[in-house]
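Asker: Handing you a structure now.
The values are calculated or read from the model by the stated rules, or taken from the named source; none is laboratory data. Since the structure is predicted, the reported quantities are computational estimates derived from the model, not experimental observations. Here the Cβ positions follow ideal geometry from the backbone for every residue, glycine too, while neighbour counts run over all protein chains shown.
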Amino acid sequence: MTGYVFGLMRIYKKFLDGVPDYLARYYWWAYLWRWGIWFFDHQLVINTILFGQYDKLLTKTLERVETRRGARILQLTCVYGKLTPSLLSSTDNEVHLCDVAEGQLRLVKRKTRHVAERCHVARMNAESLGYRNNVFDQVIVFFLFHEMPADARNNTYLEIARTIRPGGSILVTEYAETPRNNWLYRFLPFRWLLGRLEPFLPEFWQENVTERLCEALGQNGKALKGKPEEAFCFAGLYRVMRYNVNE
């Protein structure tokens, strides 16, 4: 029995093919295992995980997408569901998309075959992007930060700040900061369970995304323009934030 448990604990190492250790260790079953990819990329499943809020969050996100002709957009990592096809349908602009997991990239390629000429897919780690400075008009981050440890988030903030151009925008859809008004958050057993499934979420709940982005932009000689535009969802458990960067 002990050997069986030990074997389960070590199974993540089979998925370490060029991906960060934390991703393989904590999320192999959701993002790297082929049966996990098949299962989670069903609209019913992803909508259930988000307590029926997927379409609302998608709508609020797409309402804030940069549609100015010629804008270059980066979607930072693939996501389950219909975000990427919907994003490409909502704009005629090019969309660049990167992810560190090959299985995720194969999945998004299948979803975007009809617009493949406008969807540029690359395998990259969000902590170390291969794009040049000041190249994107908008960077979109959809439920990524809460799945990263603090050091990985910090590196990703810096990469976003480096690649976004002055006058561009950063669009973040995520869990809200310490959502005390939500009854699920106040229900301790639920918060405990979610913290087990999402081991970096409890720390992320305490993080001020605006402050972290300001710090990262400052290190790259840039600054935010005013306060972010925020839209909350599901009694404040989730939020969509658009940050504009000074020219």
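Asker: Can you tell me which residue in the range 176-199 is surrounded by the most Cβ atoms within 10 Å (Cβ to Cβ), limited to those that are among the hydrophobic types (A, V, I, L, M, F, W, C) and in a loop (DSSP other than H, G, I, E, B)?
Answerer: So, considering only residues that are among the hydrophobic types (A, V, I, L, M, F, W, C) and in a loop (DSSP other than H, G, I, E, B), the one surrounded by the most Cβ atoms within 10 Å (Cβ to Cβ) is Ala176.
Asker: In addition: Test Val135 against the stated conditions and say whether it is crowded, with 19+ Cβ neighbours inside 10 Å, out of contact with any Cys (no Cβ under 6 Å at 6 or more places or on another chain), under 23 Å from Cys78 (Cα atoms) and not small (Gly, Ala, Ser).
Answerer: It is false that Val135 is crowded, with 19+ Cβ neighbours inside 10 Å, out of contact with any Cys (no Cβ under 6 Å at 6 or more places or on another chain), under 23 Å from Cys78 (Cα atoms) and not small (Gly, Ala, Ser).
Asker: Still on this model: Scanning the range 22-37 for residues that are in a helix (DSSP H, G or I) and among the hydrophobic types (A, V, I, L, M, F, W, C), which turns out farthest from Phe200 (Cα to Cα)?
Answerer: Trp35
Asker: Look through Val141, Val172, Val115, Val108 and report the one residue that is in a strand (DSSP E or B) and touching a Leu at 6+ places or on another chain (Cβ under 7 Å).
Answerer: Residue meeting the stated conditions: Val141.
Asker: Can I ask one more? So for the range 56-71 (the condition being touching a residue at least 60 places away in the same chain (Cβ under 8 Å), closer than 23 Å to Val100 by Cβ, surrounded by fewer than 20 Cβ atoms within 10 Å (Cβ to Cβ) and touching a strand residue (DSSP E or B) at 6+ places or on another chain (Cβ under 8 Å)), does at least one residue qualify?
Answerer: no
Asker: Regarding Glu94, is this residue acidic (Asp, Glu) and within 18 Å of the chain's Cα centre (by Cα)?
Answerer: So Glu94 fails the test.
Asker: Hey, could you check the range 236-247 for residues that are at pLDDT 95 or above and not in a strand (DSSP E or B) and say which is surrounded by the most Cβ atoms within 10 Å (Cβ to Cβ)?
Answerer: Leu237
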